[in-house]
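Derivation of every value follows stated rules applied to the coordinates shown; laboratory data play no part. Note that this is a predicted model, so its numbers are computed, not measured. No Cβ is skipped: glycine too gets one built from the backbone with ideal geometry, and neighbour counts run over all protein chains shown.
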Amino acid sequence: MFLRVKVHPEDQQAFRFLTYVMTSLIFGANCSPFVAQFVKNKNAKRFESTMPAAVDAIVNSHYMDDYIDSLPDISSAIEMVKNVTDIHKSGGFEIRNWTSNSAEVLDSIPKEALGPVAVRFKIDEQLQGERILGLIWYPKEDELGFDVSLKRIPESVIQGKQKPTKRLMLRVIMSVFDVLSRVGNILSLQDTWRLNIGWDDLVPEDIYKKWCQWIDTLKVINQIRIPRCHLNVQATNNREKPSSVPAATDLTSPPDGPLHDHSQMNVPQLSRQEGFNSANGKKYTKLQLHVFSDASTKAMSAVAYWRWSIADKICVSFIASKCRVLPVKPMTVPKAELQAAVLAARLAETIGKDHRLVPEQRFFWCDSSTVIHWIRNSTRKYKIFEANRLGEIDELTRVSEWRYVPTKLNIADLATRESFNLDCFHGEWFTGPAFLYENESLWPADMEETEKEQIETANIMIIQDNSVTLPVPDPRRFSSWLRLVRSTAVVLKFIDKCRKLTGVIDCDTMRRAECLLLKQAQSDSFSEELSALKDGKCVSRSSRLLTLCPIIDEQGLLRVGGRIDAAADVTLEMKRPIILDGRHPVARLIVRHYHVKSAHGCQETVVNELKQSYWIIKLRPTVKTVVTQCMFCRIRKCLPRVPRMGDLPEARLAHHQRPFTHCGLDLFGPLEVTVGRRREKRYGVLFTCLTVRAVHIELVASLSTDSLIMALRRMAARRGWPCHLYSDNGTNLRGAEKELKRCMANLDTDVLKQEGVNNHMDWHFIPPFSPHWGGAWERLIRSVKTSLKVVMTGRTPKEETLLTFLVEVENIVNSRPLSHVSVDPTSVESLTPNHFLLGTSSNLPTFGEFDDTDLHLRKQWRKAQRLADMFWNRWVREILPDMLPRKKWSEEQEPLRVGDLVLVVDPSSPRNTWPKGVIHHVYPGKDGRIRMLDVKTQTGIWRRSAARVAPIEVSV
């Protein structure tokens with residue numbers, strides 16, 4: 001398979017060996033299996049729309065270049081063979097050595113593609129087994145056997161004439177692939193570790209006897225055969241139990257059996273149907289999963305069985321088991337039993353993921369009453385060992401799924417014994433315990449549930465109100481009204497149980513809890529009014545409730561005594577709403593509850609909904625306060641605090657210096673050119689003089705570091721080397737194509753900076769995601785693109801033509817005025833960048849009157865100097881004052897500080913995906929304002945400008 005995958009020429013050097021270069025995947029590379037799998041799946045997914053079943057088989061039922069599968073009927077199998085073969089063939093893979101237990105399927109496959117076992121199967125010769133993942137599959141009988149070979153064991157050891165060493169024991173044990181976790185003699189090997197004997201020392205006599213028993217087991221283990229398919233399990237009635245071995249390893253495989261490609265190993269079988277029918281066509285019902293667990297002082301085990309019904313008969317089939325030795329460090333039996341229960345839970349989880357069928361019920365059987373008590377005890381006040389394992393059991397199972405089974409009926413006990421009993425392979429180990437064949441009413445009786453410990457875990461605040469005690473949790477410790485009500489309901493449930501009542505949380509309990517909370521809130525806020533009303537008096541004239549005419553209902557709640565009692569079809573809550581103080585924590589929790597229900601939306605909606613049931617004093621200020629304190633709303637509405645626009649840098653004000661002394665660099669493209677009969681991509685490199693705003697354009701064939709350095713050298717040869725060069729870092733390219741951003745991000749900045757140092761130039765990179773730091777050259781990219789669209793008119797020119805276009809565009813951009821253009825005919829023409837490059841705004845002759853005396857070299861130099869001085873003087877008088885005002889960001893903002901919680905703004909993504917972080921370090925500018933900072937996020941420390949972070953107000 002590896003040799004069919006070719007390597008790109010540019011990557012072949014990774015597989016060089018001396019003077020040879022490998023053109024295909026090699027067997028010695030760690031990446032070869034992954035690359036081969038990726039290519040196989042990539043090739044298959046091309047046919048996902050036309051052959052989805054075959055694509056799924058290639059992706060999920062292949063182990064490297066081997067394939068094993070089960071299909072519901074012969075026609076499906078034939079079609080699957082053809083589709084899988086065609087898909088592989090389209091990718092250069094040839095799948096061979098097909099084997100099946102169906103002669104019709106083998107007849108549909110070319111003879112040269114069949115495996116040796118399949119050829120013998122077709123001519124009805126003595127059939128040998130086919131190896132599949134440590135097991136032997138016999139297609140003719142459709143049975144599985146164990147692959148236990150004694151060839152590697154010395155003959156003297158097999159005959160019992162020689163004691164083995166610890167090294168020999170390990171070699172023999174590791175050569176046995178024990179798929180059912182039942183024939184590995186790990187216990188004897190662990191005993192050698194306890195004795196601290198050497199690798200080449202002979203084992204003691206007691207271990208040698210156990211070793212001989214295990215060797216005798218290996219001699220007969222090859223004779224065991226089990227049906228491959230669960231459908232071969234004979235259904236039994238409630239009174240009978242099968243005496244043979246009706247176990248299987250694949251519940252979902254149909255009677256027609258699997259088809260295989262056995263060029264090497266194979267993967268476990270997976271079904272492509274949602275269920276199976278029995279041989280007489282009846283479908284199974286009441287599918288159950290039963291998992292048994294047990295532990296001894298040396299080992300622990302878990303074994304799983306399917307149990308289902310066909311008509312009035314019951315079938316039980318072995319699925320898998322797990323057996324583990326306990327650590328050398330001593331462990332108590334209850335802890336070992338708990339670890340075995342965890343092993344059973346993990347085994348059930350694995351079976352659920354690897355099978356397409358979902359059992360209607362699951363049962364976990366354990367013979368340890370201590371473990372059952374731990375699992376059923378909800379208080380869970382245990383030490384770390386028990387707490388961690390009980391927590392995992394809670395995640396993988398439900399408490400109601402665990403049942404007690406006596407030790408004599410626990411089938412998992414067979415795997416924890418140190419002695420081997422060959423009868424277990426022909427008895428209940430494969431057929432399942434006898435009681436599973438009985439009706440559920442005859443199963444072992446479950447142990448009585450022990451009384452749970454009563455451990456106080458709730459924080460209860462006792463309130464005395466006129467000899468009435470209210471058990472109410474402290475509302476200040478809650479952030480949700482619903483959670484507060486449920487916690488109060490739990491307290492009421494506890495009280496009901498103490499009173500020998502039915503302690504359940506239902507709608508009535510929730511209403512009682514809500515009523516208690518409201519009464520507590522009113523008692524805190526309106527104690528004087530409640531006392532007066534209970535005594536039959538009126539409220540005080542200074543009371544806040546005077547205009548509401550409050551009354552007390554039959555539940556003891558304070559309500560508004562309004563004037564709309566005569567209104568028909570109106571609820572009591574609307575006629576007489578409950579009075580609450582907006583400053584009380586309960587009232588604010590209710591407001592927050594309605595605020596969340598309205599999806600953090602309009603405040604008036606919350607006010608309207610609250611008025612239907614509650615009369616909250618100062619309702620609107622309360623709603624506004626709750627919304628202000630809502631963290632979700634703060635995050636949703638927070639905005640960056642951009643500091644006041646700073647002073648212009650020296651690069652923008654460096655007058656009387658050569659153009660391009662302070663230079664900005666940016667890229668644009670790609671641009672397509674015609675080379676022969678093909679099209680190639682080119683990129684433009686824009687150099688901008690930050691002082692006079694002149695541009696210089698170069699063309700490069702690729703965005704590599706070397707190409708960019710050569711473009712810089714060409715520009716410097718004609719314009720002079722800049723003293724300072726400023727550029728983006730690849731993440732700031734606004735509106736650029738993904739290819740341009742990716743190439744810019746891959747530039748080697750260290751090499752670029754070193755090239756600048758070699759030519760006495762400082763190369764500066766602006767912060768990530770801060771394009772406004774390079775606005776001086778970003779704006780000119782747009783001018784260049786606008787001119788290119790006009791000049792190129794949508795064509796793909798040749799490279800020489802494109803160079804001419806770029807030079808013309810450069811002249812057009814450099815001819816633009818830098819200041820206001822006066823329409824007065826007597827006024828002097830406006831300054832342009834070309835005045836500083838050519839001495840005029842265009843290619844026209846220089847203005848002024850000159851004679852032959854001006855042809856002297858000295859005068860020509862003085863004339864050029866004088867013109868330059870004149871242009872710079874005009875620049876200072878006309879251009880410099882226009883830079884004085886701040887066009888935006890003119891207000892002072894509160895500076896960001898280390899430790900502030902912020903959102904990292906990303907304009908290209910939705911707000912709810914912006915990452916949160918904490919300011920790690922700040923970098924003030926020359927004016928002392930914070931303009932750049934480091935933000936610590938979950939993925940590391942990011943450097944951003946202050947305009948790209950939005951502070952989150954933690955407290956109000």
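The table for this structure:
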| quantity | calculated |
| --- | --- |
| Shape of region 609-708, Cα gyration tensor, a/c cut at 1.5 | oblate |
| Greater than 21 Å apart at Cα, pairs in K163/K322; K353/K381; K40/K681; K329/K381; K166/K209; K210/K335 | K163/K322; K353/K381; K40/K681; K329/K381; K210/K335 |
| Alpha-carbon centroids, region 568-633 and region 352-374: separation in whole Å | 47 Å |
| GluC sites (Glu not before Pro) restricted to region 490-591 and DSSP loop, no more than 15 other C-beta within 10 Å | E554 |
| For region 899-912, 3J(HN,Hα) per residue [Karplus equation, 6.51 cos²θ - 1.76 cosθ + 1.60, θ = phi - 60°, Hz, x = Gly/Pro] | x, 5, 7, 9, 9, 7, 6, 10, x, 7, 10, x, 4, 6 |
| Whole-angstrom gap from region 1-66 to region 902-948, using each part's C-alpha centre | 43 Å |
| Using a Förster distance of 35 Å, the FRET efficiency for D506-T350 (Cβ separation, nearest 0.05) | 0.40 |
| From phi via Karplus (6.51, -1.76, 1.60), per-residue ³J(HN,Hα) for region 914-928 in Hz, x at Gly/Pro | 5, x, 8, x, 10, 5, 9, 7, 10, 10, x, x, 5, 8, x |
| Protection proxy ranking of 474-481, 520-527 - average other beta-carbon atoms within 10 Å, highest first | 520-527, 474-481 |
| Efficiency of FRET between T370 and E438 - r from beta-carbon atoms, R0 41 angstrom, step 0.05 | 0.90 |
| Within-11-Å neighbourhood charge of E698 [Cβ basis; K, R +1; D, E -1] | +4 |
| Gyration tensor (alpha-carbon) shape descriptor, region 312-441, a/c threshold 1.5 | oblate |
| Cβ crowding within 10 Å averaged over residues, with 397-405, 1-9 ranked highest first | 397-405, 1-9 |
| Whether region 626-675 is rounded, prolate or oblate, judged on the alpha carbon gyration tensor where a/c under 1.5 counts as rounded | oblate |
| DSSP-loop trypsin sites (Lys or Arg not before Pro) across region 523-604, with at most 10 other Cβ within 10 angstrom | K537, R541, R563 |
| Sorted peptide list for 656-663, 293-300, 613-620, criterion being average Cβ within 10 angstrom, highest first | 293-300, 656-663, 613-620 |
